[in-house]
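K.L.:
Got a structure for you, written out below as C-alpha cells; questions coming shortly.
Computed from the coordinates by the stated procedures, all read-outs in this text should not be read as laboratory data. Since this is a predicted model, take the numbers as computed values, not measurements. Here the Cβ is made from the backbone with ideal geometry for all residues, glycine too, and neighbour counts use every protein chain on show.
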Amino acid sequence: MIDEGYIYSIPGKGNYVLEKSNDKYLISLKTEQLLKKPYQRVELLGSEIIKPTIDLVYHLRVAPNARVVYVRWVLLFEEKPIAYDIQYIPYFPGITVWNDNFEYTSFSEILSQKNKLFQMQGRMNVTAMNCEKEVAEILKIPEETPVMQITQKILDDNEPMGFRQLFIKREWCCVRGTSYQE
C-alpha cells in the first residue's frame, strides 16, 4: 500500500492514509498550447554560449565557470511580437542542442533529442508580472506592462537539463488544463 501511494509513514509517529486528490490537471508546456491563437512566424534574436548567472547556476545546477547555451526567439503574429522565448541549456562539448536549420522547436523536443534514453519531466510556473526593460523592448510595449511569465524546467531523474523563460503578452496567453482522476 505504501508503494502504491495510499499510505505514507512519518518515522516515530506512525502510518497515515493519504487523502485522495481528484484535482489534478495536465497542462501542456508546448508554446502553441499556451497561446490563444497560433503564432505566424518566429525570429531568432540570437544564440551564444555564455557563462551562467547566479540564477542559472541555481536553476541548472551548473558550476559558475560552466558554459550555457543561450537562445532567444520572438514569436510574431501579423508581424507584431506576441511572445519572447529565452532558453538555457547546459553546454557539453560534442553535443549539438540545435538542429541544422536552427528552427524554432518546442523546448522539450530540443532536450529530448539530446537525451533520448531517459524519461524527462517538466516543471512549470506561471506568473503575472510587470515586464522589465528588455522584455518590454522585445514585445514593443511600455515597461511595467503586465505580461505572463512562464518558467519551465526540464528534468531527467531530478537533474535539470534546461531552463526556459517565456514571456507572453497578457492578451495572447491562455493556460489550458485537462483534468483526470486516478
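K.L.:
Thr178 to Ile7: FRET efficiency via 1/(1 + (r/R0)^6), r the Cβ-Cβ distance, R0 25 Å, to the nearest 0.05?
P.N.:
E between Thr178 and Ile7, to the nearest 0.05, is 0.35.
K.L.:
Grab the Cα-Cα distance for Thr127 and Lys30, subtract it from 0.36 nm times how many residues apart they are, and report the gain in nm with one decimal.
P.N.:
Working it through step by step, the gained length comes to 33.3 nm.
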